[in-house]
1. Against the 2.2 N^0.38 Å scaling, with N counting residues, where does the stretch 76-147 land? I'd like the Cα-based Rg ratio to two decimal places.
2. Take the Cα of Arg144, step 7 Å along the line toward its Cβ, and report every residue of the stretch 33-47 whose backbone nitrogen sits under 18 Å from that point.
3. Taking the number of other C-beta atoms within 10 Å as the exposure measure, put Asp54, Asp100, Asp128 in order starting with the fewest.
4. Return a whole-number percent for the relative contact order of the stretch 25-155, with Cα pairs under 8 Å and 6 or more residues apart as the contact set.
5. Expected output is a single nm value to one decimal: the length gained when fully extending between Val30 and Thr132, i.e. 0.36 nm times separation in residues minus the C-alpha distance. What is it?
6. What order, most packed first, do the peptides 141-150, 57-66 have when packing is the mean number of other Cβ atoms within 10 Å of each residue?
7. Taking the Cβ of each residue in Thr132, Thr91, Thr53 as the centre, tally the other Cβ atoms inside 10 Å and list the residues starting with the fewest.
8. How far, in nm, would the chain grow between Met87 and Lys113 when pulled straight, counting 0.36 nm per residue and subtracting the alpha carbon separation?
Amino acid sequence: MKKIFQLAVLLMLCSMGVVQAQLTPAQAGVSYGKTITAQNAINTEVLNKALLTDSVYNGKIAGRVVEVCKKKGCFMKLEQANGAPIMVQFTDYAYFMPQDIVGKTVVVEGKAKVKETPVERLRHYAADAGKTKEEIAAIKEPRRDIGIMADGVLVVK
């Protein structure tokens, strides 16, 4: 019984090492998840325009990575001209991003959706965060956030 337990622990440790070894450094041409190309990718500005008329966009989006999950690379955020980042998550947590992907230009392929947070909820969040009455009263418009569920990521540069 003790040997079975030791074998199980050894296999678990080895599998964790394999997962870590699979996180290839972010260099031009490296793919994560589904292998994709940069062909026909739109930028985040075009994505914003597309999502004004459609609630979902399926395709490729190019952007610069401004943040990655510090724990294990389970999400990343893309930069937009308006300053609001686009959250990118990975289908079924099937793959993760390395820490050195921040600052790189990538193409993601997947489904982008808009989530709108109403003014009442934003005010509630602001109150919970300890904002002043004036700061809370200044919230007058709902916030649109874009989220992408990506099947694959390609590092472009």
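1. Relative to the rule-of-thumb radius for its length, the stretch 76-147 sits at 1.41.
2. Output list for this probe position: 42-47.
3. Ranked by crowding around the Cβ, least crowded first: Asp128, Asp54, Asp100.
4. Computed over the stretch 25-155, the figure is 34 percent.
5. Using 0.36 nm per residue and subtracting the Cα-Cα distance, I get 32.1 nm.
6. Most protected by this proxy first, the peptides run 57-66, 141-150.
7. Thr53, Thr132, Thr91
8. Taking Met87 through Lys113 to full extension adds about 8.3 nm, to one decimal.
Quick note: the coordinates plus some simple rules give every number you see, no bench work behind them. Being a predicted model, the structure only gives us computed values, none of them experimental. Every residue, glycine as well, gets a Cβ built from its backbone with ideal geometry; the counts of neighbours run over all protein chains shown.
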